[in-house]
Amino acid sequence: MKRREFLRKLGVGSLAALGMPYFAAAQARPVKLATLLPLTGPFAFAGNAGREGFVDGVEYVNEVLGGIGGRRLELIVEDTGYDVARGTAAFNRVITRERPDELLFVYGDSTGLSKALAPEIARLNLPYSATGYANELANPQNYPTMFLFGPIYNDMMEALLRQVRLQRPRARIAFVYSNTEFGRDPIPYGRERARALGMEVVHEEITPVTITDPTPFVLNLRRANPDFIIIHGYILTVEPLILRSAQEQGLRAQFMGTYFSAEPLLIQRAGPSADGFVVTYHHPYWYEALVPAVEEMRRFRVRKGRDISYRPTYYMGTLAMTLGLAEAMRRAAQAGRLTRAGVVEHLEKIGDYNAMGLVRDFNFVNHRLPQTRLFRASVRDGRFNAITDWLRLG
């Protein structure tokens, strides 16, 4: 399909199809999206990749899709260092500085920050999302303006345990997780669900978010002798060390992980020990060239003079969120409701949109998207390959 025809099907006019902005009111106040990201600290790799997805998404909205109802979408970026106190301070700076009729969405860096900000977000009626997928936050009764643009951690655990059941119904399970809110979040559900499915939870190993020597943890796992080991609560800081050490120690178990382990950099860092590692992941990879969004964003980056080599999963996630949010904002503007309340209303009604294939759809259930696919690491290919179609989890 020619690009002009493709964009016309998205509802984009002729000027946009040529890559030219069109604004009904060039001097209109901008619509602002504030992002609080870990650009430094232990998760800086993910934070900076996420920032790049936001930048591309916002520029694409402005330059190709024509902005938001004649207004320019503006990106605000603050560094949190993956620290709740710094993130809270950054949030307060943004809220104090920006006009409420311009600042229509905030994106945070973590489960911990989201919980810390929750009362103020509710008071301000401020639409919000975050890098984390905490179970507690997918609750529109308690958090009416929070949206999770993916499955919650319990959903991810459910998907993995379903796969375990298919492979070995009476499996022995071990959990490895970080001593953070992020790490602990789905473990109670995992314990209960594994047992309900007839599996035995034989061991749990809790570690810091970064470690230097994985040997003691792996020796404990080897003594427990599980069939499957589910790792959660890290962003490539511990998984490669555990995998390499497990191979060295002769630990024969199937390793699995959740969204934040689903990055091919894990294969590069872990080497042959990563082969067969199964993960949950709810966007396409940059190498899935048949997905319209991948093809379109490659063209867009070429036009901007940007690198089109592999973009990380964290980029794909923030890009998807930006395009989904912008669609809700555009619909709110068309309805004369481009306000914080209007954005919430229209996020709840964009189930027919899929951001050119970046998600299965935007059908929110309890303000989260309960869908994912499973992928398996191939060292030979240097990538994760899909082993399931979309799984609906709620």
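The values are calculated or read from the model by the stated rules, or taken from the named source; none is laboratory data. Keep in mind that this is a model prediction, so the values were computed, not measured. Ideal geometry is used to build each Cβ from the backbone, glycine not excepted, and the neighbour counts take in all protein chains shown.
What to note about this one:
- Only one of the listed residues (Ala138, Ala171) is aliphatic (A, V, I, L, M), under 19 Å from Val201 (Cα atoms) and in contact (Cβ under 8 Å) with a residue 24 or more places away in the chain. That residue is Ala171.
- Filtered residues of the stretch 231-257 (kept if under 12 Å from Ala270 (Cα atoms) and aliphatic (A, V, I, L, M)): Leu236, Val238, Leu241, Ile242, Leu243, Ala246
- Whichever residue in the stretch 40-85 is touching a residue at least 24 places away in the same chain (Cβ under 8 Å) and among the polar types (S, T, N, Q) and, among such residues, is farthest from Glu98 (Cα to Cα): Thr40
- Where Gln249 falls short, out of the listed (1) under 28 Å from Tyr353 (Cβ atoms); (2) in the same structural domain as Leu161 (by TED's automatic domain parsing): (1)
- Just one residue in the set Ala159, Ala130 is of a type in the set (Gly, Ala, Ser) and assigned by TED's automatic domain parsing to the domain that holds Leu241; that residue is Ala159.
- Looking at the stretch 285-354, the helices (runs of 4 or more DSSP H) lying wholly inside it that each contain 3 or more residues that are crowded, with 21+ Cβ neighbours inside 10 Å and hydroxyl-bearing (Ser, Thr, Tyr) sit at 313-334.
- Check on Gly190, more than 30 Å from Val344 (Cβ to Cβ), touching a helix residue (DSSP H, G or I) at 6+ places or on another chain (Cβ under 9 Å) and surrounded by fewer than 16 Cβ atoms within 10 Å (Cβ to Cβ): no
- Taken over the stretch 220-235, the residue count meeting the criterion of being surrounded by 20 or more Cβ atoms within 10 Å (Cβ to Cβ) and either in the same structural domain as Ala46 (by TED's automatic domain parsing) or not in a helix (DSSP H, G or I) (or both) is 9.
- Of the candidates Leu104, Leu113, the single residue that is part of a strand (DSSP E or B), outside the structural domain of Met256 (by TED's automatic domain parsing) and of a type outside the set (Lys, Arg) is Leu104.
- Subset of the stretch 27-39 [over 20 Å from Arg340 (Cα atoms) and touching a helix residue (DSSP H, G or I) at 6+ places or on another chain (Cβ under 8 Å)]: Leu37, Pro38, Leu39
- Screening the candidates Val55, Val61, Val31 for the property of being modelled with pLDDT of 95 or more, among the β-branched types (Val, Ile, Thr) and farther than 29 Å from Glu263 by Cα yields one hit, Val31.
- When residues of the stretch 236-257 are limited to those that are over 28 Å from the mean Cα position of the chain (by Cα) and surrounded by fewer than 20 Cβ atoms within 10 Å (Cβ to Cβ), the one nearest to Pro272 (Cα to Cα): Gln247
- Condition met for Phe175 (closer than 21 Å to Arg373 by Cα, assigned by TED's automatic domain parsing to the domain that holds Tyr353 and either among the aromatic types (Phe, Trp, Tyr) or in contact with a strand residue (DSSP E or B) (Cβ under 6 Å, 6 or more places away or on another chain) (or both)): no
- Subset tally (residues that are out of contact with any Gly (no Cβ under 9 Å at 6 or more places or on another chain), within 18 Å of Ser261 (Cα to Cα) and not in a strand (DSSP E or B)) for the stretch 361-380: 0
- Note on the stretch 250-264: residues that are closer than 24 Å to Met316 by Cβ and either modelled with pLDDT under 95 or acidic (Asp, Glu) (or both) total 2.
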